[in-house]
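Q: I have a structure I would like to understand better, so I am pasting it below and will then ask my questions one at a time.
The values are calculated or read from the model by the stated rules, or taken from the named source; none is laboratory data. Not measured: the values here are computed from a predicted model. So basically every Cβ, Gly included, is an ideal-geometry build from the backbone, and we count neighbours across all protein chains shown. Heavy atoms of the whole protein, side chains included, go into the accessibility calculation; ligands, DNA and RNA do not. Shrake-Rupley method; radii C 1.70, N 1.55, O 1.52, S 1.80 Å.
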Amino acid sequence: MASAPRPERDLGLLAGCLPPYPPPPTTVGLLSMEQQETYLELYLDQCAAQDDLAPPRSPLFNPVVPYDMYILNASNPDTAFNSNPEVKETSGDFSSVDLSFLPDEVTQENKDQPVISSRHETEESSESQSPQSRLPSPSEQDIGLGLNSSSLSNSHSQLHPGDTDSVRPSPEKPNSDSLSLAPITPMTPMTPVSECCGIVPQLQNIVSTVNLACKLDLKKIALHAKNAEYNPKRFAAVIMRIREPRTTALIFSSGKMVCTGAKSEEQSRLAARKYARVVQKLGFPARFLDFKIQNMVGSCDVRFPIRLEGLVLTHQQFSSYEPELFPGLIYRMVKPRIVLLIFVSGKVVLTGAKERSEIYEAFENIYPILKGFKKA
Amino acid sequence: MPGRGRCPDCGSTELVEDSHYSQSQLVCSDCGCVVTEGVLTTTFSDEGNLREVTYSRSTGENEQISRSQQRGLRRVRDLCRVLQLPPTFEDTAVAYYQQAYRHSGIRAARLQKKEVLVGCCVLITCRQHNWPLTMGAICTLLYADLDVFSSIYMQIVKLLGLDVPSLCLAELVKTYCSSFKLFQASPSVPAKYVEDKEKMLSRTLQLVELANETWLVTGRHPLPVITAATFLAWQSLQPADRLSCSLARFCKLANVDLPYPASSRLQELLAVLLRMAEQLAWLRVLRLDKRSVVKHIGDLLQHRHSLVRLAFRDGTAEVETRGKEPPAWGQGQREGEVGNNSLGLPQGKRPASPALLLPPCMLKPPKRICPAPPVSTVTGDENISDSEIEQYLRTPQEVRDFQRAQAARQAATSVPNPP
């Protein structure tokens, strides 16, 4: 579940981004006490924030409200909009805020839609990615939100039961809608802002694991699949490869699978699903449980030479530089827990991340240190 | 007797010490069960009954040093003596070995690993005292693989949380140069090849410093650089006689192994010296090449600091601006120098514009241009078409063919053993 959002900050920013505020909804009588108070809060914040119109810092315009709401909607479609008050109270501070008063343009056209998980399949867990990091399938989530917002803006506090039907199928039919919203930008910026002179580490490899949850006959797989190799004397798993996305998978007889070689998290997931499909087609009851990204490797180039001997002197507790063994310096960053290989040519390899943001954060941390060693 | 334990059978505390045919026994006076019998006991619970237990199950193992550890400590001391290290090093290395041995992972490691651990402890001790011992040397002494040594070394440094300083280059130069057998005439070393140790050492040190300054040492194994520097120093001290000698021959008659990268380090060092020579007016006219520059190494080294500054511009700034700076500024600066030159060089002759001071890996053109990866719009949840999966599966006919081929191969490999 999403972590509890910080209402004050988000409210203020939310307020700051909005056009002049309409008066609070008149259907006060239908609201509970807490809901009334939150509306009042919002209104007052909006008025106070009129003077300092904060620039629409898109990544931060992320009231986790709709995220919470839609998680509950997705998992309990029957209870979602009919039992409005319960839903709003149980899902966090922001859940009681109704965005119905927002004009349509803000919710639909604003590129920085909050993150929703449309993932109501239990197999595909979102554990590997926190709510604040980029979630896959932005388009369908945006569409889902768009639909919900439009339905919300039509009614004030009470959402008609009729909307439930229109809302519920939306996460399941991503391509059916015409609304095309920009990809989601989460709470923490996915791409580093220009502090690092615009150098962005590129992801080179993603290693992920998934559980197919059925015992496999590796001999049969090696016999019936063209892209499989199996040499039990060398290694106790089938090595399977697919062309698109170009990846390699190790499939074990216990049903566990390791997928390597993808260049992004989504590609890794797609590739893992394709492997599961191949196994399925071979006659095994394969499922797709516990998909988890285990390691991400990124690389980039700072474009100036680095005095590694100097770096190991000043950062001795983190660095290990043994030119007799390896030409690069091994820097073990503590926060985030990433290992960086730094070479004299200025090329940096970052590995050990479970999330994309860790790689970006690690590079942002190391860049000023490396800049200090630019001159001979 | 009370307080001596209970009988395991009936639980009574009435145990009597009795001797049966000169073998001491503890007997329960109630049921007659023999609680202990001499030293032939095997269970740990026996200790609770005050019976003797085997050594491996007793707590004595933690108090005394095990045989394996004793062997390891002996090896550490032997290695220190072979390397002729000062006596204080021995104690430090022994302490490190004991410290490492306290970890269960090391105690349970294979003998090969423990052997390499001996070398690691000695190496760490030497590094901390700035004693120039290379990993290659230790691996040769221990008959160990460098990869195995590397993994255990990194593991032990992390495990013990040690601060190991880098190899001291100056000390390594002194030790390594002294090992060259060129300081006395011998049947293999003709008189004209013999050299004074001090002169060679000082010149080699200067060359290594120059290499360090011009990015030839960072990221590389230090030893080949020193070999190349020693060779150049030796050649330059008597170029007339020694220019004909190659690097390989030099190492052979000095009785030193030639490391493989030494020849490329030599070329890099000569290139740096040539660039520096371009800045000296009286050398510019001579149009030096890689062989003739050796004769002037003495002069070049004498003015090396200023020459490096003149010959090379800051590579970092250049790389960043990527050619936005006009290269002409370098030549403009030199105008005055040329004008003042008493030799009156013709107008076209001026020193080359400063080269970039960058590590050689940055100066070489990239082997292949890596295009930026196309922005992927994969969401991970797309539909996977059946046809795409089918392309990876064999048709039944293909399966049969494959099975037949496999069977044929099996038959072929098993044939060559006729009964």
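Q: Report the FRET efficiency, 1/(1 + (r/R0)^6), for B:LYS367 and A:CYS214, where r is their Cβ-Cβ distance and R0 is 45 Å, rounded to 0.05. Mind showing how you got there, number by number?
A: Working: r = 45 Å, r/R0 = 1.00.
Given R0 = 45 Å and the Cβ-Cβ separation, E is 0.50.
Q: Full-extension gain between B:LEU253 and B:GLN410, please, as 0.36 nm times their residue separation minus the C-alpha to C-alpha distance.
A: On the way: separation 157, 0.36 × 157 = 56.52 nm, distance 5.62 nm.
Using 0.36 nm per residue and subtracting the Cα-Cα distance, I get 50.9 nm.
Q: Right, something else. Hey, any idea what Rg/Rh is for region B:66-165, computing Rh the Kirkwood way over Cα pairs?
A: 0.91
Q: Then there's this: Taking a 1.4 Å probe, which of A:VAL302, A:VAL339 shows the most accessible area, and what order do the others take after it? Mind showing how you got there, number by number?
A: Numbers: A:VAL302 5, A:VAL339 40 Å².
Largest to smallest exposure gives the sequence A:VAL339, A:VAL302.
Q: A further question follows. With all protein chains present and a 1.4 Å probe, how do B:ARG110, A:ARG303 order by accessible area, largest first?
A: Details: B:ARG110 190, A:ARG303 120 Å².
My answer, sorted largest first, is B:ARG110, A:ARG303.
Q: Which FRET efficiency value, to the nearest 0.05, is calculated for B:VAL399 and B:THR140 with the Förster distance at 41 angstrom and r the Cβ-Cβ distance? Could you put the intermediate results ahead of the total?
A: Values: r = 54 Å, r/R0 = 1.33.
So, using R0 = 41 Å, E works out to roughly 0.15.
Q: Report B:ARG81's accessible area, 1.4 Å probe, all protein chains in place, as a number in Å² to the nearest 10.
A: 140
Q: Any residues in region B:364-384 that have 40 Å² or more less accessible area with all protein chains than in their chain alone, probe 1.4 Å, and which are they?
A: Correct list: B:VAL378, B:THR379, B:GLY380, B:ASP381, B:ILE384.
Q: Straight-line reach from B:LYS252: which lysines have Cα under 30 Å away, leaving out those fewer than 8 places along the same chain?
A: Reachable lysines: B:LYS174, B:LYS181, B:LYS192, B:LYS197, B:LYS199, B:LYS290, B:LYS295.
Q: Between B:LEU83 and B:ARG102, what length in nm is gained on full extension when 0.36 nm per residue of separation is reduced by their alpha carbon distance? Mind showing how you got there, number by number?
A: Numbers: separation 19, 0.36 × 19 = 6.84 nm, distance 2.61 nm.
Working it through step by step, the gained length comes to 4.2 nm.
Q: Let me ask another. Let me have the relative contact order for region A:208-293, percent, based on Cα pairs under 8 Å that are six or more residues apart.
A: Numbers: 159 pairs, mean separation 32.7, N = 86.
It rounds to 38 percent for region A:208-293.
Q: On a 25 Å Cα-Cα criterion, which of the cross-link pairs A:LYS335/B:LYS367; A:LYS219/A:LYS274; A:LYS335/B:LYS113 come out too long? All intermediate terms of the calculation are to be shown ahead of the outcome.
A: Details: A:LYS335/B:LYS367 35 Å; A:LYS219/A:LYS274 20 Å; A:LYS335/B:LYS113 32 Å.
Exceeds cut-off: A:LYS335/B:LYS367; A:LYS335/B:LYS113.
Q: Can you give the accessible area of A:LYS292 in Å² (nearest 10), computed on protein heavy atoms with a 1.4 Å probe?
A: We get 90 Å² for A:LYS292.
Q: Quick one: pull the percent of accessible area on region A:302-373 belonging to carbon and sulfur, 1.4 Å probe, ligands and nucleic acids left out.
A: Working: 1650 of 2840 Å².
Percent of accessible area from carbon and sulfur atoms in region A:302-373: 58.
Q: Let me check something: with ligands and nucleic acids excluded, how do A:LEU218, B:LEU111 order by accessible area (1.4 Å probe), largest to smallest?
A: Numbers: A:LEU218 10, B:LEU111 115 Å².
Sorted descending by solvent-accessible area, the residues read B:LEU111, A:LEU218.
Q: Please compute how much accessible surface disappears when A pairs with B, both sides summed, using a 1.4 Å probe, and round it to the nearest 100 Å². Numbers along the way, then the final one.
A: Working: alone 19450 and 26040 Å², together 41030 Å².
Summed over both sides, the interface buries about 4500 Å².
Q: List for region A:253-280: residues with 10 Å² or greater reduction in accessible area, all protein chains versus chain alone, probe 1.4 Å?
A: So the qualifying set is A:GLU266, A:GLN267, A:ARG269, A:LEU270, A:ARG273, A:LYS274, A:ARG277, A:VAL278.
Q: What figure in square angstrom, to the nearest 10, would you give for the accessible area of A:LYS256 with a 1.4 Å probe?
A: 110
Q: Separate question: If you place +1 on the Cβ of every Lys and Arg, -1 on the Cβ of every Asp and Glu, and leave all else neutral, what size is the dipole of region B:240-291 about its Cα centre, to the nearest 20 Debye? Walk me through the intermediate numbers first.
A: Values: 9 positive and 5 negative charges, 23 e Å.
My answer is approximately 120 debye.
Q: In region A:302-373, if every C-alpha pair distance is counted and binned at 10 Å from zero, what percent goes to each bin?
A: 21, 58, 21, 1
Q: Let me ask another. Percent of accessible area on region B:168-317 owned by carbon and sulfur, 1.4 Å probe? Mind showing how you got there, number by number?
A: On the way: 3470 of 6550 Å².
Taking all protein chains in place, region B:168-317 shows 53 percent carbon and sulfur surface.
Q: Sticking with this one: Calculate, in nm to one decimal, what B:TRP282 and B:ARG6 gain on full extension: separation in residues at 0.36 nm each, minus their alpha carbon distance. Can you show the working numbers first?
A: Working: separation 276, 0.36 × 276 = 99.36 nm, distance 10.22 nm.
Once the chain is fully extended between B:TRP282 and B:ARG6, it gains 89.1 nm.
Q: Just to be sure I understand the model, the point goes 7 Å from the Cα along the line to the Cβ. What's the resulting A:PHE235 to B:LYS290 distance in nm?
A: Reported label-point gap for A:PHE235 and B:LYS290 is 4.2 nm.
Q: With the full set of protein chains in place, find how many percent of the accessible area of region A:208-293 is carbon and sulfur; take the probe as 1.4 Å.
A: Working: 2000 of 3890 Å².
With neighbouring chains kept in place, the figure for region A:208-293 is 51 percent.
Q: Got a sec? Which residues of region A:226-240 lose 10 Å² or more of accessible surface with every protein chain in place, vs. that chain alone, 1.4 Å probe?
A: Flagged in region A:226-240: A:LYS226, A:ASN227.
Q: Please report, in cubic angstrom per residue, the volume enclosed by the convex hull of the alpha-carbon atoms of region A:208-293. All intermediate terms of the calculation are to be shown ahead of the outcome.
A: Working: hull volume 6.7 nm³, N = 86.
Per-residue hull volume (Cα only) is 78 Å³.
Q: For region A:248-376, what is the convex hull volume of its Cα atoms per residue in Å³?
A: Values: hull volume 16.6 nm³, N = 129.
Expressed per residue, the convex hull around the Cα atoms of region A:248-376 is 129 Å³.
Q: Using just the C-alpha positions of region B:168-317 as equal point scatterers, what log10 of I(q)/I(0) does the Debye formula give at each q in 0.11, 0.14 1/Å?
A: For the requested q values the scattering log ratios are -0.40, -0.64.
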